[in-house]
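No value in this document is a laboratory result; all are computed from the given coordinates. All values derive from a computational prediction rather than experimental measurement. Cβ atoms come from the backbone with ideal geometry, glycine included; neighbour counts cover every protein chain shown.
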Amino acid sequence: MSTFTPPFVSTDSGRPGVALVSISRLQSLCETIAPRYAERARFFSIREGYGAAVTTLQSYVDAGSVDVVLAAGSNGAYLRDNLSVPVVMVKVNGFDVLSAITHATTTWPGASIGLVLHETISHELADLGGLLTVRLTQRAYRSVDEVKTAVNNLAAEGCRVIIGPGMACDLAQQAGLASVFLYSLGAVEEAFERSVELARVSRQKESKRVRLNTIVAHLRDGVAAFDDAGQLEAVNPAMLELLGLEGGRDMPAQLARRVGPWLRDALERGGAVDERIEQIGQRSLIVNCVPIVEQGARSGAVVTVQDALVAQRIDRSLRTSQRPKHLVARHRLEDLVGASAALERVRRLAHAGAAHDATVLLSGESGTGKELVAQGIHNASRRRGNPFVAFNCAALPEGLIESELFGHEEGAFTGARRGGKPGLFEIAHTGTIFLDEIGEMPAALQSRLLRVLQEREVMKLGSGRATPVDVRVIAATHRDLPALVGEGAFRADLYFRLNLLQIELPPLRERRADVLPLARHLLNRIALQYGLSEAAIGRVLKFLAPWFEGYAWPGNVRELDNLLARAAIYLGATAGESDGDIGPDLLALFPEFERMEREDGHGAPSTAAAAATLAAPRLTPSRDEVVRALEQCGGNRAAASRALGIGRTTLWRLLKADETR
């Protein structure tokens, strides 16, 4: 075995490499032409053939030195079948054959000529034999042994001149026959042109392939590319790891067997296979198969595989980082203010419910704080930090409720959002959904809700595929659900599914001992909102406290909050004045107290008694006091009049009188 690199070859690795392979006279022609292309490519001469040439060339190919091989005849055909790089064959055209025949007939007039061609004889040339007045016999060969056989047969048939490749010429000379080398300088030059251009393109493609493989190798997702015949073109380590495969010679076959069904499915569908869930060993994988289309024709496919656990972690991270503020639970169970036995029972049950994922049903009158308890349960559970989604079942028409809760696909109905929309159950995935006013849910949607609670999956409007959800459900109602079940207005099976843990919130009138501390707690928040001082807070409590014990609180905590805010707005306007600045007209702002009922023989304080808790108003305020009251009330004369304890006519008269003085 002998190999060499001619002196005209540069070691510049930026140029493509071409291997010149020949075991005969073709090599000398190649070495004659190669210097002309030295600036465009690097050339390696391999003076071996067949298996020995493959062994030698493979080391060049593995090193990235050779991009294209130039060869001829059966040697070239063998290399083409056994190498992974392109092999350019020196082609013999009709002009080369005629030129060789002309040379033979001119040099050896009247001699019988034998023509040795690779693979097949020329029938056109046989037809022209009579016209050429040449005794021409053709033989075809496919291997070295067949070349020897062809030359021997031609010699036995009386041929004295052999036209053919270098090996045939050498064998003819050994047999004492004349010979003409078939390959012309022009044919070799044409092969050089094709080789150098193909090597340039191959080097560019290889550079892109290496760059792409480097990028793909760093992906956590598995990626494999196949050509249109299903042959593997590229694969990254993550794909092998996810599919449980090892590298080696049989890896492509193993990989093809594993992904073959996915490729066939994509081919049968004529499109992509998206987000198919496959179980491989102990792993759940998300599989996508996308066809590669080049110039309008399918040229292969790309298969990607992702670990479902990784996708879930990414999904949770996205939901957490991009979750809107309104999907965050702000309240905790510690925000429940009061020490009554009824409220302690609520706390105890709420903590018990937070420790598990059981569905909770909150019942109680409006304004008792059901959503606060729901947020507190969420924040005390393992789902804290994940979405908290609140929805009022009585706030929207039936059609919109269905779309909001379960979502819809694009085009599911007239006006459906482009691209579709996820439902609140999907948005609440891994978190909690709070269904307020559950007793108002339309009967037609109760069955859909029941299925979600049973199967833990939702189906969008217009979709035929269910989506699994991991959601904790907390429902609330102020209505008597057992009574609604008896009337047929609420599904019994849905009621029993919701009523795993029921927490009844007591009305405010049943825990009167909590009213005053609750009022102080609410006033601290109100003070921040309206900029009240400590003195103003004290005045509000001093004004309202006499009614706390006797009032029935039909609006519960919500009503208490409303009364405190109302008092803060109007009493805060005179926060810098003495107690005597509050007049009896202010009592008209609270008609609720006029309807109070007496309990246990003790009525609420009369209007006179309430007014007595405050000093009597001045009969004639000064103009400066009137102006100051107007400024504090934002120019509202009615509010200023009430704050001063005078009528609007009196206020107007005092302002007018000072102006005309």
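General remarks:
- Here region 173-212 and region 431-456 have alpha carbon centers that stand 75 Å from each other.
- Our coupling estimate for region 110-115, obtained by passing each phi through the Karplus curve with A = 6.51, B = -1.76, C = 1.60 and θ = phi - 60°, is x, 6, 6, 10, x, 10 Hz, Gly and Pro reported as x.
- Sum of side-chain charges, ALA443 neighbourhood, beta-carbon under 12 Å (Lys, Arg +1; Asp, Glu -1): -1
- Each Lys or Arg adds one and each Asp or Glu takes one away; over the other residues whose Cβ falls under 15 Å from the Cβ of TYR78, this sums to -3.
- Take every pair of alpha-carbon atoms less than 8 Å apart whose residues are at least six positions apart; their mean separation over the length of region 94-182 yields a relative contact order of 32 percent.
- Around the amide H of ASP357, modelled in the peptide plane, lies no amide H under 5 Å away from a residue 5 or more places distant or on another chain.
- Highest-first arrangement of 399-408, 34-43, where packing means the average Cβ count within 10 Å: 399-408, 34-43
- The mean sequence distance of close C-alpha pairs (under 8 Å, at least 6 residues apart), as a share of the length of region 325-506, puts its relative contact order at 31 percent.
- Shape index of region 219-309: Rg/Rh, with Rg the Cα radius of gyration and Rh the Kirkwood radius from the inverse mean 1/r over Cα pairs, equals 0.95.
- Global geometry of region 325-506, whether rounded, prolate or oblate, following the gyration tensor of its Cα atoms and the 1.5 cut on a/c: prolate
- Modelled label positions at THR55 and ALA355, each set 7 Å beyond Cα in the direction of Cβ, lie 7.7 nm from each other.
- For region 214-370: rounded, prolate or oblate by the Cα gyration tensor [a/c cutoff 1.5]: prolate
- Under 11 Å, Cβ to Cβ, from LEU285 - net charge with Lys/Arg +1 and Asp/Glu -1: -1
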